[in-house]
Amino acid sequence: MAKVDSVAPVPSPTFMDAAPLTLPPPLVVEELVLRRSARCLNRPTRPSYADQEPPKKPGGRGRGKRKRDEEKPELAAAQQGAKSPGRKYSKVEAGERKPMPVIAAVPVSCAGVATEDDAMGTGKSAKLRVKETLRAFNSHYLHFVQEEQKRAQAALQEIEAKTKSGLKRQTKGGKKKSSKQQAEAEEKEKRPSKRPDLKAITKMQEMNAVLYPEKRIGHLPGIDVGDRFYSRAEMVVLGIHSHWLNGIDYMGMKYQGKKEYEKLTFPLATCIVMSGIYEDDLDKADEIIYTGQGGNDLLGNHRQIGSQQLTRGNLALKNSRYNGNPVRVIRGHLSKNSYTGKIYTYDGLYKVVHDWVQTGVQGHVVFKYKLKRLEGQPSLTTSEVRFTRAEAPTTISELPGLVCDDISGGQENIPIPATNLVDDPPVPPSGFTYLKSLKIPKDIKIPSSIIGCDCEGDCATNKNCSCAQRNGSDLPYVSHKNIGRLVEPKAVVFECGANCSCNHDCVNRTSQQGLQYRLEVFKTASKGWGVRTWDTILPGAPICEYTGVLRRTEDLDGSQNNYCFDIDCLQTMKGLDGREKRAGSEMHLPNLHPEDDSDAPPAPDAS
């Protein structure tokens, strides 16, 4: 099962029906209970650089203010003295402005963390800049997915119209035409692009938003051993592996003239990816037998179909052996929950200790390299990735410390087990009532929603959807790989409601689809009960919903052991059930991001 991650508070939007609730007296929710809520693990957000504007050029007619002040210093001094004494004014000459510092080579530390921090000179930690870069990439990626779906839908409608028109002409004229074949060719040509991730890479490069555009040797600041990525494109925009396809990343001849590399022979390998493509590879965790690049049937059965040459990445790995520089190693494993089908894990620094040429399994010449992991680094997490993504328990009965098969009592389509490896004897969670939906007392009247869209089927096919207009012209979600994901952060998300004519599977009903991931409630040593997942949860994807009892403010009893929050439409959800808050693992939903929790017991091992 997956490694236990705790969640830290981040700002949360509210998710509303098509018509916002307006309640006469102030109402609050009490006795919040674990259930479906929305939103989202590592959701994409606009990075800080996207909000920055270039400095405006001085304009206006006549002489500039600085020139006038230089010519008439007496007048400038008088004007300065006439300003309010309560304010402080400072003037920075244009020549004094410091340019953004260039990223220098980072000292390598075998501890698994680069020693440089704030390498961009932005005042932000390296870890924060990594998160912002990934969020920016995911935002661009989902926007391109949404654009491709719109383009494909428009193209299909155009093809259908041409096909119908061609059939009518055939019926009238009695002659056979190739309109159907032409339509099929056009449909094939205009089908949705399968690589919005490459478009997102290009966008980030155009905006100079790649975190480490210059290639480096060793660890990168903000990227720790054990960090995981959903795609190669994410690694490209970070700069940890600079090519979306090749397995060997290397520094080319352009680095040869730089002072810090004057004693090195180029090309020089910086990073390799092991993902099971080459059949001659051998992985022994701390020791790797790596096959060079080239001659592989990448689009077919991945077998070797030709001999390799000692050029590019192959030569770079050979040079790395004699130069003695460390090489970053990233392992990729299959994951059905990832939108790329794989999860990539950074496993630290290795050193090339031997290289040779041999005849491979298919009878072709291949270059082989033996790499050994450097000592003093954090333990490998690759085994956890393999177990988490491919060998998670198939039945709840396999869980050690199981104290409850399903805390929802069968209300959910996926059971939520509870485990306790802390208490002796182990006890299940108690003192709560599980609610699948909001409980409304009889004395509270809820206004009915009077606004709804008139879309047929899915709102994504209707350009004039009224619910999309309420969200700012586009639907807030995009359906990719059958998973609804929030494209970008919004203070309020308007979903389709009871009065909308679209079907239940509409993408704008993403948070209404019920529990989609396998969750587990577990006991921690000092933070009460926590929640972890067995599955990979993508950025922007729904997790669960928190519901409770609707009450008036004046009906609340302050002595009760509950945590309450206002549900006024102008406010956002600010907390969870009081038990979680008092236990120290307060979560602000929606909007979650994973963090390692040393207090949590280890995830059960399927073996």
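Where a number appears in this text, it was derived from the coordinates with a stated rule and is not lab data. All figures in this text were calculated on a predicted structure; none of them were measured in a lab. Positions of Cβ are backbone-derived with ideal geometry, glycine not excepted, and every protein chain shown enters the neighbour counts.
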**Complete:** Contour minus Cα-Cα span, Leu556 to Asp424, at 0.36 nm per residue, comes to 43.9 nm
**Prompt:** Among all lysine pairs in the range 212-373 that are eight or more places apart or on different chains, how many have alpha carbons less than 13 angstrom apart?
**Reply:** 9
**Where a label projected 7 Å from the Cα of Val357 along Cα→Cβ would reach, residues of the range 299-338 with amide N under 19 Å** = 304-322
**Sorted by Cβ neighbour density within 10 Å, fewest at the top, the residues Tyr141, Tyr517, Tyr350** = Tyr517, Tyr350, Tyr141
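How much of the DSSP bridge set in the range 212-373 is antiparallel, in percent, rounded to the nearest 5?
So the antiparallel bridges amount to about 90 percent of the total.
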**Asked** FRET efficiency for Ile305 and Phe432, Cβ-Cβ distance as r, R0 = 45 Å, nearest 0.05?
**Response** 0.15
**Item:** Net dipole in debye of the range 212-373 [+1 Lys, Arg Cβ; -1 Asp, Glu Cβ; about Cα centre; nearest 20]
**Value:** 300 debye
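Let me spell out the model: positive unit charges on the Cβ of Lys and Arg, negative unit charges on the Cβ of Asp and Glu, origin at the Cα centre of the range 389-548. What dipole size does that give, in debye rounded to 20?
Around 440 debye, computed over the range 389-548.
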**Charge dipole (debye, nearest 20) of the range 318-468; +1 at Cβ of Lys and Arg, -1 at Cβ of Asp and Glu** = 1100 debye
**Request:** Would you please give the FRET efficiency between Ile451 and Ser473, computed as 1/(1 + (r/R0)^6) with r the Cβ-Cβ distance and R0 = 22 Å, to the nearest 0.05?
**Result:** 0.85
**Request:** Write down the radius of gyration of the range 212-373 and its Dmax, each obtained from C-alpha positions, in Å.
**Result:** 15.2, 46
**Message:** Among Phe229, Leu371, Asn296, which residue has its Cα furthest toward the positive end of the charge dipole of the range 212-373, with +1 on Lys/Arg Cβ and -1 on Asp/Glu Cβ?
**Reply:** Leu371
**Prompt:** Of Ser320, Ala285, Gln309, which is farthest along the charge dipole of the range 212-373 in the positive direction, counting Lys and Arg as +1 and Asp and Glu as -1 at C-beta?
**Reply:** Ser320
**Prompt:** Applying 1/(1 + (r/R0)^6) with R0 = 56 Å to the Cβ-Cβ distance of Val492 and Tyr322, what FRET efficiency is obtained, to the nearest 0.05?
**Reply:** 0.40
